[in-house]
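The values are calculated or read from the model by the stated rules, or taken from the named source; none is laboratory data. The structure presented is a predicted model; accordingly, all values stated were derived computationally and were not measured. Because the Cβ atoms are built from the backbone with ideal geometry, glycine has one as well, and the counts that use them run over all protein chains shown. The accessibility values were calculated without ligands, DNA or RNA, using every heavy atom of the protein model including side chains. Shrake-Rupley method; radii C 1.70, N 1.55, O 1.52, S 1.80 Å.
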Amino acid sequence: MENSSNPKRRRRQFKSCLFCRQRKLKCDHNKPICQQCKKRSFTKCLYTESFNYDITADELFEKYPNVQLVEQVTKLQTKLGNKDPAVDKDIAKLKFLGKQYIDHNEMHVYGYSSIECITNFDQNFLQKTYSDKRDSIMTIYNEGTRSEVAYLKEKNHSMDEINPIPENLLTDVCEDLPLYEEIKLCLTDFFNSSLHDLLDVVDKTTTFNTFNDYFIINPDSENNLGRKVSNIIIPNDNNIFKIAIVIFIIATSSHTKYVRPSIRSFLEGITEFPFLTHNKHFEYCQLLVLRYTCISYDNTLNASDKMYRKRLVHELCRSCIDLGLTDADLFYSNMNYSDSQLVCIKKVFYWALLLDVHTALEFGTPVQISDEYLNVNVVFDVNIAVCGTDVNKRRNTILKEFLRIMRSILNQFNQKRGMPQCNISNQIGAIKNFIETKLLPMKFYTDLHGPVMTDPLDLIILGTLIEMLVVLSHAKKIYYNWLGSEIDKEIIKYSSLQILLNVRAIIAGHKVDKFAYPELFTNVEDETPHLHLSLRITQTFLKNAICHFYSSILNDFSSDTMSHDDNHHMTLLEINDSVIKIQKVFDMILTDEKLLHRIRKSEGFIISCILQTISSKYWMEIIHIQQELYSEKNDVIKDRNLTSNNEGKTAFLQSLSNWDDEEIMADILYMFR
């Protein structure tokens, strides 16, 4: 029988250069360039004696030698032939090694892009010890500062036991509302705020009409202080969400010092209770967007918990699909809505897509609003603008392209079995290209002494993209087992950039308010509008960047195979310099007493500050023990033997046991008083 599997013949190797072979000239074999090529003023002289390429003669020899092709193949062959750690020749190691992580306290499974999955992936000694110490100190904070949340959780029943809002609750809300004129001031300030400029999901005319039509003043209720709302009428179509939007704006206003229990109960019920799902209106989606983005940092509205935020986004996405917001032009253009209302409806949908992406990245899931619900050719067409101002045209373009890129990456990365092929480099390239071509130069977002005004949407998009870059770099290392100090440097670079970007945004928000709201800035001791918005946008990005940063350096530092000349890992000096730089960035806020006082209720930033303080102290402890154990060596800072023997581990654990966790927490919180 004839053998059908004919082996490939190896290409014959020649000593003459490519040009001489093609022209059948006598080549003198001189290197780097022969005389024949030199006479013709060629810059390159290429030989094939050291390789055997599976390419045709037509591809290799054209009118002149195909220099680009040969150089590219040579480069790849050289890279594969040496011990470049970035290219692993072991095919088994190129398999996806990731595994999802289950938090047994929350009883929740986190996917591959989540910080929980990445930082808990095969923890080494230092990572495990670090997370235990961090959790121990955070427990002290949680128990000491969240008494009000605990009260709310005890007060509220489980979701299955919730009954409809009591009929007399609106009466109680009326009694707890500010004066009529103060409510108008709250509404006016909201529609003049940077938050409304960013979201634009609520129509100003409609909101004021709702207030005038359904919030009734009793003339007899007027006193020396002013007029009071005595009754709230529910609209004929039972669209109580119109009422809820007005009340929510009042509750989150900087003029409202304290959210009364009746108002808090009403707003919690109106956004959470499942009995309302049969009575949805698109205003319900507007309220959910506001509820997510207007989180009160002192927990007066009990919305800082990430699982709660996830439920809000889940309900928002489901409601957008149920109510047809995925194609507003088809379902709402023929209804009795003004142009401005239609714009708000469309923007609610795009905010749902954006929050869907943010939540998918945070929890490691595919996006909830899948392409099957969308007309993707329309939804992501940058030439179809939601509205026509120049600012919104720019936002329209970058938002749609951002959503298209991120939805594709997350759906691939967070699928059940993880990313099937090693296409991470392509994904990183797409993100970098977007940042370079669609956003402003990076100095506008990170220069602490430059212009302070940047678009808040840019901050959201850039923060999400940088976090995705960190996740993809981590994935190379822990999910695909790629080695190389360049990967560690990528993680540290992107994490450091994220921290700088977000700290700068907080400082900039504080500066802007001083000039934009001089009277409010003088009279209000708490967060002013731009500062509040900056804190809300940055809280998750900042916390995750700190966790990514220290998880990476602890993983890199404690590898047992390290030596000071190991090219696979960063030197201890490089890591230590990065830690110091991060602390200096944080110190720009921590040394500003006025700014610290304003953000004393910002739970998101306080948690980030606690994490940074604990992490930096933990790292300094490593350096201290390292110096004690190996002080006799000439180059101590480059040695990496702390965790390679029991002596080092025992000394380190003993040192950690001497920490006074309560005192550490007290010192951190004292800065914010």
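So the values come out like this:
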{"item": "Considering residues of the stretch 410-423 that are open to solvent by less than 40 Å² (accessible area, probe 1.4 Å) and modelled with pLDDT of 85 or more only, the residue nearest to VAL109 (Cα to Cα)", "result": "ASN414"}
{"item": "Unique match (being of a type in the set (Gly, Ala, Ser) and closer than 21 Å to SER578 by Cα) among SER473, SER534", "result": "SER473"}
{"item": "Conditions (1) at pLDDT below 85; (2) more than 30 Å from GLU315 (Cβ to Cβ): number failed by ALA430", "result": "(1)"}
{"item": "Residue in the stretch 374-394 that is modelled with pLDDT of 90 or more and closer than 22 Å to CYS294 by Cβ present", "result": "no"}
{"item": "Test result for ILE491, under 22 Å from CYS609 (Cα atoms) and in contact with a Pro (Cβ under 7 Å, 6 or more places away or on another chain)", "result": "no"}
{"item": "Residue list for the stretch 527-556, filter: charged (D, E, K, R) and under 30 Å from TYR258 (Cβ atoms)", "result": "GLU527, ARG536, LYS543"}
{"item": "Residue in the stretch 598-615 that is open to solvent by 60 Å² or more (accessible area, probe 1.4 Å) and modelled with pLDDT of 75 or more present", "result": "yes"}
{"item": "Filtered residue count, the stretch 447-464, keeping only those that are at pLDDT 90 or above and within 24 Å of LYS581 (Cα to Cα)", "result": "5"}
{"item": "Any hit, the stretch 164-171, residues being modelled with pLDDT of 75 or more and part of a loop (DSSP other than H, G, I, E, B)", "result": "no"}
{"item": "Inter-residue pairs, beta-carbon under 7 Å, first without any contact (Cβ under 8 Å) to a residue 12 or more places away in the chain and in the stretch 611-627, second open to solvent by 20 Å² or more (accessible area, probe 1.4 Å), 6+ apart", "result": "GLN627/VAL636"}
{"item": "Set ASN502, ASN555: member being closer than 24 Å to ASP577 by Cα, modelled with pLDDT under 90, part of a helix (DSSP H, G or I) and in contact with a helix residue (DSSP H, G or I) (Cβ under 7 Å, 6 or more places away or on another chain)", "result": "ASN555"}
{"item": "Verdict on ASP88 being at pLDDT below 75 and within 29 Å of SER425 (Cα to Cα)", "result": "yes"}
{"item": "Qualifying positions in the stretch 113-131 - modelled with pLDDT under 90 and part of a loop (DSSP other than H, G, I, E, B)", "result": "ASN120, PHE121, ASP122, GLN123, ASN124"}
{"item": "Top-ranked residue of the stretch 443-467 - restricted to ones that are part of a helix (DSSP H, G or I) and farther than 16 Å from LEU542 by Cα, ranked as most open to solvent (accessible area, probe 1.4 Å)", "result": "LYS443"}
{"item": "Complete set of residues in the stretch 232-251 that are modelled with pLDDT of 90 or more and not hydrophobic (A, V, I, L, M, F, W, C)", "result": "LYS242"}
{"item": "Unmet requirement for LYS649, which otherwise passes all of (1) of a type outside the set (Val, Ile, Thr); (2) within 19 Å of SER136 (Cβ to Cβ); (3) at pLDDT 85 or above; (4) assigned to a helix (DSSP H, G or I)", "result": "(3)"}
{"item": "Restricting the stretch 101-122 to residues that are surrounded by fewer than 17 Cβ atoms within 10 Å (Cβ to Cβ) and not hydrophobic (A, V, I, L, M, F, W, C), the residue that is nearest to LEU554 (Cα to Cα)", "result": "ASP122"}
